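Chemist: Quick one: the structure is below, and I'll ask about it shortly.
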């Protein structure tokens, strides 16, 4: 019997705690928090720490390659996708964000679409 070439890498508890604190206990894919309702199970969302690039694909166990991800998005990465949020929901989430996060969204959109913003006088 052949032994598998890849074994699942365990993420040390201290590193998990650091990533959860860095990501403010929010899913980095959809923005769900630990107390938000899970639309598929009727319970609350469960958060975990997962790899951005899996070790099987060359990823390493560093904080830069880890992120907080919810149970729904984790399943989405396996081929089960959540519905895309509508415009009203997206705008409400941006309005609820901190000014720094709103500024980051604006800068990202400007960069993505090659635009520049001018402050009003």
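Each reported figure results from applying straightforward, stated rules to the coordinates on display, with no laboratory input. All of these numbers come straight from a predicted model, not from anything done at the bench. Backbone-built Cβ (ideal geometry, glycine too); neighbour counts: all protein chains shown.
Chemist: In whole Å, what are the extents of the chain along the principal axes defined by its C-alpha atoms, from largest to smallest?
Modeler: 72, 34, 28
Chemist: Continuing with the same structure: Based solely on its DSSP helices, what 222 nm [θ] is calculated for the chain when runs of n ≥ 4 H residues each add -39,500 (n - 2.57) and the sum is averaged over all residues, nearest 500 deg cm²/dmol?
Modeler: Calculated mean residue ellipticity at 222 nm is -9500 deg cm²/dmol.
Chemist: Would you list 53, 99, 11 from fewest to most Cβ contacts within 10 Å?
Modeler: So the residues, fewest neighbours to most, are 99, 53, 11.
Chemist: If each residue of separation counts as 0.36 nm, what is the full-extension length gain between residue 108 and residue 36 once their alpha-carbon separation is subtracted?
Modeler: 23.3 nm
Chemist: Most exposed first by the Cβ proxy, i.e. fewest other Cβ within 10 Å, how do 121, 36 rank?
Modeler: 121, 36
Chemist: What ranking of 116, 48 emerges when the number of other C-beta atoms within 10 Å of each C-beta is taken as an exposure proxy, fewest first?
Modeler: Ranked by crowding around the Cβ, least crowded first: 116, 48.
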